There are 4 protein chains.
Amino acid sequence: MSRGRLEAFSDAVLAVAITLLALNLAVGGPGHGSLLRQLGQHWPSFVAYLISFFIIGIVWVNHHALVQTIASVDRTLLFLNLVFLLFVVLIPFATATMAQYLTRGGQDAQVAMALYGVVLEGMGGSFAAMFGWMLYRGATYEALSREARRAIWSRFSLGALAYLVAIAVAFVSAPAALAIIGLESSSSSAEGRDPGQ
Amino acid sequence: MSRGRLEAFSDAVLAVAITLLALNLAVGGPGHGSLLRQLGQHWPSFVAYLISFFIIGIVWVNHHALVQTIASVDRTLLFLNLVFLLFVVLIPFATATMAQYLTRGGQDAQVAMALYGVVLEGMGGSFAAMFGWMLYRGATYEALSREARRAIWSRFSLGALAYLVAIAVAFVSAPAALAIIGLESSSSSAEGRDPGQ
Amino acid sequence: MSRGRLEAFSDAVLAVAITLLALNLAVGGPGHGSLLRQLGQHWPSFVAYLISFFIIGIVWVNHHALVQTIASVDRTLLFLNLVFLLFVVLIPFATATMAQYLTRGGQDAQVAMALYGVVLEGMGGSFAAMFGWMLYRGATYEALSREARRAIWSRFSLGALAYLVAIAVAFVSAPAALAIIGLESSSSSAEGRDPGQ
Amino acid sequence: MSRGRLEAFSDAVLAVAITLLALNLAVGGPGHGSLLRQLGQHWPSFVAYLISFFIIGIVWVNHHALVQTIASVDRTLLFLNLVFLLFVVLIPFATATMAQYLTRGGQDAQVAMALYGVVLEGMGGSFAAMFGWMLYRGATYEALSREARRAIWSRFSLGALAYLVAIAVAFVSAPAALAIIGLESSSSSAEGRDPGQ
């Protein structure tokens, strides 16, 4: 399989998933109280939309950078990419569930936030597995320098760690866990390197 | 990142968003009165669909024209493009909410229309920011003439102003605000220039 | 604008619209009677899905053939293409409404079927307008022979006529109107010419 | 029609269908009991998501491999590809229905599972028909060796047989039928050959 088609299919799945995020914003409509109040009570959905949108957006940029370095696509890589997309497609569901329960408190909020964290961890983990497999197979166009590899791995580890911490914190405070995930995604989007360099 | 992939991903998001607009047209179904009456009472949804469809359609044409002039894609441009898409993806939600409340009158109609205006303003503003960044970085294939730049900026300013006026007018009359947005989108689609020239 | 991007965007809209058709197949679920009975009562949805799926599929093939002959894309063609897509995106809504009311009889079934016919007529009409504009502007790669033009126009006229007849028949018998639309779409898919020849 | 556009359209439909699978995961929300319990009772949806996701994913890989060998696209192949996509688009509906009824037992579970099997059989059968037509027309870039053809046909036969057995078993035990489908899809994904070789 060519890189191009792997990329085109993954792009389409990412684009549909990022657009479906907004389906969860719908308010109750007339008869459910004043619209301003409905929108106000709905704030977790808007925050969740914002965070998940940028998480998928950044993953799209990183996926592109990763695929650019592939010399050949083998069946293992295709399988890992499918696992990665399986978690991406779960994000709208996990985001909606998390937003619904965030302000409810109690065990439900903890479970919903942990579910969100687990889906993100799965996405990050399968993405890291793709990178690891490519290094193991030597399937990169240009050998990455030791420093570049170390930088990428430390970035992956930081992300994976942040999601793990968020899952743990979810059982103490769901909003605090969300804040950790939001910070991690904004820190990774603020990184100064131009893509493709 | 290549222009091509930026374009492909943005296209896919725009295409999904424009198609999801129609999800809001569904009528109540059997048992909710005669179909003709249901369709008649539903007219704000059809008007809203028409306007939002052409707004996204025109933005797609303009986005293409913009991306054509990019010499290189840097991380700032990617980020601005994500912000732009974030507002595009909100359009089906803002359209549905606006249509639901348009004929209700009162504060709810004002809030719903203002929300619609704010989403459009955000989309237009982030699009203008992409153009401004490209000029600042000099990231255009061919230097645009002073006249061309001025023409584009005055077009952007007109659009941004129209949406601002619509937001203000929304608090007096929601249907009047919708008329302003509709006029602005039809005037920008009627502009005589061929794309790419 | 290049033909390629016009095609890519139109393809994406067509692909999303054709996939959304299946959203209307969902049955009531447990507690709404035996599944077999639910599926049985749902037969208009399955017939409607089948017909609309092939209508969009054939339009996709024809759109491709049309775009292949374009020498240059001007703003009028872009606008006509948007109008064409506006009707395509309405098909899942019109299909769902038609299927819901088909077996209800009375005025509702007539209105629902006429709505479906009008949407198809709008799609066919805007497609014919694109072809007419291209001939008028001479924007075809190779001049089409008089015979080829006549053949295409008579095909368009037949389709437009079939939909018009269906709209009229809808006010006598909705199922008969659906049969006409189904026959027209199967006759156009059975045509023997290879695409691109 | 070029292979490229056949591929692009099919990819988009497959990508939307695979992403819509997750729409069926939504839980009832606050007021429907503890979230943990809701997720627990929802387990058939998660299993069904997992299986259908990999079935569509593998079909995407196989579709790519098939299209790679096409020398020219004729109208019959386009039609068979549309029939193939018609069944692909039915998968989210069939998956949701199957998951809703799986643990209900009785005739409903049998019907739901048989429906799922029939949709998969239709998808596999139309895919095999595309391959058969290409061999018949000789529309392959390189003549496939007799061994390669025999290997592909035996793979198709195994898949078709597995789905047929699953449909039959569905009338004895729906979960057992699901296990057969899950095993078949995991065995076909575990096959060692690199794609494109």
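The values are calculated or read from the model by the stated rules, or taken from the named source; none is laboratory data. Predicted, not measured: the structure shown is a model, and the values here were computed from it. FYI the Cβ positions are ideal-geometry reconstructions off the backbone, even for glycines, and counts take in every protein chain you see.
Worth a mention:
- Residues being under 26 Å from C:Leu21 (Cβ atoms) and out of contact with any Leu (no Cβ under 7 Å at 6 or more places or on another chain) are represented in segment D:25-32 by at least one member.
- Residue within segment B:145-159 that is closer than 22 Å to B:Thr97 by Cβ and under 13 Å from the mean Cα position of the chain (by Cα) present: yes
Rundown of residues vs (1) within 21 Å of C:Val13 (Cα to Cα); (2) out of contact with any Asp or Glu (no Cβ under 6 Å at 6 or more places or on another chain); (3) surrounded by fewer than 18 Cβ atoms within 10 Å (Cβ to Cβ), yes/no style:
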site: A:Phe9; (1), (2), (3): yes, no, no
site: A:Leu21; (1), (2), (3): yes, yes, no
site: A:Pro30; (1), (2), (3): no, yes, yes
site: A:Gly33; (1), (2), (3): no, yes, yes
site: A:Gly40; (1), (2), (3): no, yes, yes
site: A:Ile55; (1), (2), (3): no, yes, no
site: A:Ala65; (1), (2), (3): no, yes, yes
site: A:Leu80; (1), (2), (3): no, yes, no
site: A:Phe84; (1), (2), (3): no, yes, no
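- For segment D:115-126, filtered to residues that are under 10 Å from the mean Cα position of the chain (by Cα) and among the hydrophobic types (A, V, I, L, M, F, W, C), the residue that is surrounded by the most Cβ atoms within 10 Å (Cβ to Cβ) is D:Leu120.
- Test: C:Met113 is part of a helix (DSSP H, G or I) and closer than 22 Å to C:Val73 by Cα: no
- Residue in segment D:138-161 that is at pLDDT 85 or above, touching a helix residue (DSSP H, G or I) at 6+ places or on another chain (Cβ under 7 Å) and either in a helix (DSSP H, G or I) or within 14 Å of chain C (Cβ to nearest Cβ) (or both) present: no
- Selected residue [within 16 Å of the chain's Cα centre (by Cα) and more than 11 Å from chain C (Cβ to nearest Cβ)] from B:Ala22, B:Ala48, B:Ala12: B:Ala48
- With respect to the conditions (1) free of Cβ contacts under 8 Å to residues at least 40 places away in the same chain; (2) surrounded by 22 or more Cβ atoms within 10 Å (Cβ to Cβ), A:Ala112 falls short on a single one, namely (1).
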